[in-house]
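Some notes on the structure that comes next.
The values are calculated or read from the model by the stated rules, or taken from the named source; none is laboratory data. All of these numbers come straight from a predicted model, not from anything done at the bench. Glycine also receives a Cβ, built like all others from the backbone with ideal geometry; neighbour counts cover every protein chain displayed.
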Amino acid sequence: MYPVWLRFQGGKGVATGLGAFAPLMPEAALGATVLFLLTLAATRYVSLSSIVGAAGLALLALVLGSPEPVVWAAAVTAGLVVLRHRSNVRRLWTGQESRAGEPRR
């Protein structure tokens with residue numbers, strides 16, 4: 001998300017976060033992926049799907065009994081994903097966010 005070697009510029013951490021947590025809690029990662037895909041199918045908003053998936057990962061980690069440090073790490077990661085999607089949330093709120101398959105506005 002904020003790599004030093006890229007001058008603290010980078011992506012929003014969704015795929016990297018999923019990849020990091022998949023071996024630690026595969027059931028939660030699978031559930032988060034399903035939440036992402038269901039949200040994407042229902043809304044076609046990738047940003048909203050990413051936020052739902054990240055939050056779902058943290059919640060599923062807790063519900064499925066992952067070790068406490070992993071649950072905390074997932075919660076912090078979800079918070080960072082939401083933080084990185086601030087501009088997308090603003091566009092969602094104002095109805096200006098592009099949907100998957102549409103040209104960017």
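For region 61-105, which positions are closer than 29 Å to E27 by Cβ, part of a loop (DSSP other than H, G, I, E, B) and out of contact with any Phe, Trp or Tyr (no Cβ under 8 Å at 6 or more places or on another chain)?
Once the filter is applied, which keeps residues that are closer than 29 Å to E27 by Cβ, part of a loop (DSSP other than H, G, I, E, B) and out of contact with any Phe, Trp or Tyr (no Cβ under 8 Å at 6 or more places or on another chain), region 61-105 yields L64, G65, S66, P67, H85.
Pick out the one residue from A41, A54, A58 that is assigned to a helix (DSSP H, G or I), free of Cβ contacts under 8 Å to residues at least 24 places away in the same chain and under 27 Å from P103 (Cβ atoms).
A41
So for region 77-88 (the condition being buried (at least 20 other Cβ atoms within 10 Å of the Cβ) and more than 18 Å from G11 (Cα to Cα)), does at least one residue qualify?
no
Which number in (1) small (G, A, S); (2) part of a loop (DSSP other than H, G, I, E, B); (3) out of contact with any Lys or Arg (no Cβ under 6 Å at 6 or more places or on another chain); (4) surrounded by fewer than 14 Cβ atoms within 10 Å (Cβ to Cβ) marks the one condition that A15 misses?
(2)
If you go through region 1-43 one residue at a time, how many are of a type in the set (D, E, K, R) and at pLDDT below 95?
Adding up the residues that qualify gives 2.
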